[in-house]
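Structure record follows, encoded as structure tokens.
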Amino acid sequence: MHVAAIKTFDIANGPGVRTSLFVSGCTHHCPGCFNSVAWDFAYGEPYTETTEAQILDSLKPDFIDGLSLLGGEPMEPENQEALLALVQRVKRELPGKTVWCYSGYTLEELTGQTPSRARGPHTDAFLASLDVLVDGRFVEAKKDISLRFRGSSNQRILDMKASLREGKPVLWRDDPLFETHQMI
């Protein structure tokens with residue numbers, strides 16, 4: 001796995017102050033993507049133990065709310081194993097931190113309800129380790145800069161614990177749409 005960027009003190013990709021890890025590699029190639037440079041799986045620097053230590057250190061201050069995983073595409077099969085290990089370590093060593101993941105794959109694709117190349121041996125454990133999944137490809141025709149934590153109106157902010165428990169997508173409770181669209 002390669003790292004396109006690490007942003008500490010990020011306030012755009014989830015609630016509060018976060019560390020955001022942008023991984024390389026994406027096969028979606030959404031028109032209008034804000035990070036098309038990260039489509040290449042070899043873009044950036046290799047992910048190493050030093051990279052992981054840097055991420056964990058950045059999460060330690062009390063005012064840091066958690067980790068956000070973006071891309072490229074975190075749910076590409078080539079990225080899942082390393083990210084699962086990172087997330088499991090974050091959950092073990094820093095249990096008060098939340099983990100958000102942004103994916104162009106939908107929850108239905110990731111769980112196998114709809115066939116997808118993203119589904120693999122690490123997918124279920126990866127999904128179970130997340131607090132929130134922002135799912136769905138960016139659609140330029142549905143771009144809306146007023147949306148909170150996402151770029152186009154087709155994307156959903158899902159509470160992963162509730163979604164896995166219910167067996168269907170459940171919107172994150174702090175999502176402003178929750179009042180009118182409790183379950184999708």
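The numbers here are math on the coordinates, done by the rules we state, and not lab data. Just so you know, these numbers come straight off a predicted model, no measurement behind them. FYI the Cβ positions are ideal-geometry reconstructions off the backbone, even for glycines, and counts take in every protein chain you see.
Before moving on, here are some points about what is shown:
- For the chain: relative contact order, % (alpha-carbon pairs under 8 angstrom, 6 or more apart): 17 percent
- Shown here are the Rg and Dmax of the Cα trace of region 1-64, at 13.0, 38 Å.
- The chain: Rg to Rh, with Rh as the Kirkwood radius over Cα pairs: 0.93
- Sparse-neighbour loop sites [chymotrypsin sites (Phe, Trp or Tyr not before Pro); region 58-117; at most 12 other C-beta within 10 Å; DSSP]: F63
- FRET efficiency for V37 and K168, using Cβ-Cβ distance with R0 set to 35 Å, rounded to 0.05: 0.50
- Partner lysines for K7 [C-alpha distance under 18 Å; skip if fewer than 8 residues away on the same chain]: K60, K97
- Relative contact order [Cα under 8 Å, 6+ residues apart], region 133-175, whole percent: 34 percent
- The dipole here belongs to region 2-179: it is taken about the Cα centre, uses +1 on the Cβ of Lys and Arg and -1 on the Cβ of Asp and Glu, and is about 320 debye.
- Peptides 1-8, 18-25, 86-93 ranked from most to least packed give 18-25, 1-8, 86-93, packing being the mean of other C-beta atoms within 10 angstrom over each peptide's residues.
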